[in-house]
Amino acid sequence: MVKISFPDGAVKEFESGITTLEIAQSISPSLAKKALAGKIDGKLIDVTRPIEADGALEIVTPEHADALDLLRHSAVHLFAQAARRLHPNLRPIIGPAIKDGFYEDTDNPEGQLTADQLPEIEAEMSRIVKEDLPAIRKVVTEAEAREIFKDNPFKQELIDEYKDGELTVYTQGEYSDLCRGPHVPSTGFVKYFKLLSVAGAYWRGDSNKPMMQRVYGTAWFTKEDLENNLQMREEAKERDHRKIGRELDLFFNDASLGAGTAYWLPDGATIRRVIQRFVEDREIAAGYLHVNTPNLMNLNVYKQSGHWQHYREDMFPPMDMGEGEELELRPMNCPSHIAIYKHDVHSYRELPIRIAEFGNMHRYEKSGALSGLQRVRVMQLNDGHTFVMPEQIQEEFGNILQLVMDMYHDFGINDYSFRLSLRDPNDTEKYFPDDAMWENAEAMLRATLKDLKLDFVEAEGEAAFYGPKLDIQVKTALGNEETLSTIQLDFLNPENFDITYVGADGEKHRPVMIHRGVISTLERFIAYLIELYKGAFPTWLAPWQVQIIPVSNEAHGDYAWQVAKKLQEKGLRVKVDESNEKVGYKVRQAQVKKIPYELVVGDKEAQNNSVTVRRYGSDEEISKSVDDFVAEIMADVENLSRIKK
Ligand code: TSB
Ligand code: ZN
């Protein structure tokens, strides 16, 4: 007999070897129908696995927290089986459940899968669902596994990796896969699914290994959940900064010019300029000193800082200049700002010293990770390094956080979370190996965050190589979490570069460095703002704030320009549309470009010095004097994004 306890506290005895399905049946037939798997002492098992020891059992039904992952994992097998029926030589490789869906890597020596083949595969999947094939688990020997997957070199590699543990194969109908399981009882359970897209992916994420095709899909327990998710995906696509960036002519990427680089068109460059000026003014008010430092630096400096030892993977290869000189494209600005600090002797009275720059950085990001402006290889960071006495850490940390929060407020950002990023103590390659230093820095940072009463999650292995950090996390339109702002504590670089200040005692002391990026890189920040505003920028940020449309170019062009000049004198960004299109078309065009204000001017307006105003997104047309309009738009500009609050 085995003693099984249930989540409600009940304990029952059963024959040894009983299955989850039989237990569910003994409770109620409707429960048995819904049972997807068992979870015994926290471990998921198939409903048909015999239970031979006492334990705590949860019966996994669609409402259970693990149910969707289980379903999606079975959807992967369903996909692979259907794909193999249509393309018998296709090799399924690895297919995990991911957030809101699943993917499967595939390789087809006869020609890789393409997106237009997905509907056929989906139809075959539906047939297999109707066949309601049970998923059957079998423990196999290494030799058996090698035989079953003899035409699949990728699986052979996986067998090399797993062969010391228990190898299991799941079979449904004619299809078998090497898999740990568990699975939902049969293909009939996977009813609501959709194949979404295909993208190239390197085997093991390594660009020296073969390229496979990764097929993405999603699966749900109800039709409604599936439809909601598909609709959300559609909306996310509409908000994607790459799409809006194209539609509004803000920027472009062109791999033939350089993968992971962005070209800013005039309207995108305007947004950058407005943001940079605004942020720099705020920093000046907060006591920062702006500097300019070069993109190239002698590689020796990055050896001294530790970048070469711990960050080399992200760096471009050095340029050999001959005679032992090697130059490096800078991956970070810290060593440059340290050089500025060291240029002078500093007294404790000057501290904190705050050095800032919109500094260019170059990082050799993996090609698969590149995305529009969100992740690029050449970027400009709103960077700053403050040099403080140890007793000033807390206060300066608070100052920086305040600056971040003020800035978020002004840009209308209010959906974010805090992450305390710590080192992974076992990763001595990525992290500088000085336990005492790390423990001290992490304890100090944690105490500071407690003091500031921040709600945060902790993440091991996310620290910078030189120290722990507070990251501010946001979500992209496609649902990925990204770091925007970062505040980092660094005891290492002051040592490495022997930086000092002269204390009240006349002796040399070691300052602490705080690295901070307030609005992140202009690239990532603007990607975020494009998605946040769906391209409809608040007036102060909009590339063009006003578009003036003369009813007739001949009759009203002069008046239109007269109004435009007046607005330009106020610093507003105005254009006059004198193209040979009809007024209605021009009005629509201005709406497509999401220009905040459109002014139509004709006879009446020219006569009484007025304009007819139309706000972006509104059909209402309001006539007002030019002076009244100037007052309205100036108030709007000065309000920044605060209206959103
Ligand atoms: C804050 N030395 C520090 C600096 O002083 C530093 O470079 N920190 S960082 O590595 O975390 O980068 C700062 C910010 O740049 C990140 O928080 C992130 O918002 C942004 N960033 C990093 N990599 C990329 C990238 N490939 N594309 C766009 N933005 C990036
Ligand atoms: Zn730095």
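Taking Lys and Arg as +1 and Asp and Glu as -1, the other residues whose beta-carbon sits under 14 Å from that of PHE14 total -2. Under the criterion of Cα pairs below 8 Å and six or more residues apart, the relative contact order for segment 388-465 equals 45 percent. If the reach is capped at under 17 angstrom between alpha carbons, list the lysines near LYS191, excluding any in the same chain fewer than eight residues apart. By straight Cα distance, LYS191 reaches LYS33, LYS34, LYS130, LYS223.
For the chain, what does the helix formula give at 222 nm: sum of -39500 (n - 2.57) over DSSP H segments with n ≥ 4, over the residue count, nearest 500 deg cm²/dmol?
Working: 20 runs with 228 residues, N = 645.
Value at 222 nm, helices only: -11000 deg cm²/dmol.
Taking label points 7 Å from Cα along the Cα-to-Cβ direction, PHE316 and ALA286 give a separation of 2.9 nm. Each of TYR528, ILE487, PHE397 was placed along the dipole of the chain (beta-carbon charges, centred on the mean Cα), and the one lying farthest toward the positive end is TYR528. Within the shell of other residues whose beta carbon sits under 10 angstrom from the beta carbon of SER336, the net charge comes to -1, with Lys and Arg scored +1 and Asp and Glu -1. The angle between the Cα long axis of helix 153-162 and the main principal axis of the chain comes to about 80°, on a 0 to 90 degree scale. So how far apart, in nm, are the two label points at LEU86 and ALA255 if each is 7 Å from Cα heading toward Cβ? So the two model labels end up 2.4 nm from each other.
Please enumerate, by chain and number, the lysines with C-alpha under 19 Å from the C-alpha of LYS508, excluding those fewer than 8 residues away in the same chain. Within reach: LYS342. Helix 118-131 axis versus longest C-alpha principal axis of the chain: approximately 30°, rounded to the nearest ten.
How far, in nm, would the chain grow between LYS342 and GLU166 when pulled straight, counting 0.36 nm per residue and subtracting the alpha carbon separation? Please report the intermediate quantities before stating the final value.
Values: separation 176, 0.36 × 176 = 63.36 nm, distance 5.91 nm.
Contour length minus the Cα-Cα distance gives 57.4 nm.
The local environment of ASP320, defined by Cβ-Cβ distances under 14 Å, has a net charge of -4 under the rule Lys, Arg +1 and Asp, Glu -1.
Counting only Cβ charges, +1 for Lys and Arg and -1 for Asp and Glu, the dipole size of the chain around its Cα centre is about 1340 debye. Spin-label model, GLU581/PHE6: points 7 Å from Cα along the beta carbon direction are separated by 6.8 nm.
Sorted by mean Cβ packing within 10 Å, highest first, what order do the peptides 406-414, 311-319 take? Can you show the working numbers first?
Values: 406-414: 17.7, 311-319: 14.4.
Packing proxy ranking, top to bottom: 406-414, 311-319.
For the charge dipole of the chain, defined by +1 on Lys and Arg C-beta atoms and -1 on Asp and Glu C-beta atoms about the Cα centroid, which residue among LEU567, LEU452, TRP308 has the Cα displaced farthest towards the positive pole? Farthest towards the positive pole: LEU567. The long axis of helix 522-533 is offset from the longest Cα principal axis of the chain by roughly 80 degrees. For LYS475, the aspartates and glutamates whose Cα falls under 18 Å of its own Cα, not counting residues fewer than eight places away in the same chain, are ASP100, GLU234, GLU235, GLU238, ASP240, ASP415, ASP455, GLU458, GLU462, GLU523, GLU531. Potential lengthening of the chain between ASN639 and LYS475 amounts to 56.5 nm, from the contour at 0.36 nm per residue minus the alpha-carbon distance. Here ALA56 and ALA269 are evaluated by their C-beta separation; at R0 = 51 Å the FRET efficiency comes out at 0.25. Computed over segment 36-157, the P(r) curve from all C-alpha pair distances, binned at 10 Å from the origin, holds 11, 34, 36, 16, 3, 0 percent per bin.
Here the contact order of segment 458-550, divided by its residue count and restricted to Cα pairs under 8 Å and six or more residues apart, works out to 21 percent.
Looking at segment 339-488, I'd like the Rg to Rh ratio, where Rg is from alpha-carbon atoms and Rh is Kirkwood's inverse mean 1/r.
0.96
What is segment 292-341's relative contact order, in percent, from Cα pairs under 8 angstrom and six or more apart in sequence?
Across segment 292-341, relative contact order equals 45 percent.
A viscosity of 0.692 mPa s and a temperature of 37 °C, combined with the Kirkwood radius over Cα pairs in Stokes-Einstein, give a translational diffusion coefficient for the chain of 112 µm²/s.
What you get for segment 198-262, charging only the Cβ of Lys and Arg (+1) and of Asp and Glu (-1), is a dipole of about 360 debye around the Cα centre.
Scan segment 373-448 for GluC sites (Glu not before Pro) in coil per DSSP, keeping those whose Cβ has at most 14 other Cβ atoms within 10 Å, and list them by number. Show your work: numbers first, answer last.
Numbers: sites: GLU391, GLU395, GLU396, GLU429, GLU439, GLU442; in loops: GLU429.
Passing both the DSSP loop test and the Cβ count: GLU429.
Bear in mind these aren't lab numbers, they're just calculated from the coordinates by the rules spelled out. Keep in mind that this is a model prediction, so the values were computed, not measured. Using ideal geometry, Cβ is built from the backbone for each residue, glycine included, and neighbour counts are taken over all protein chains shown.
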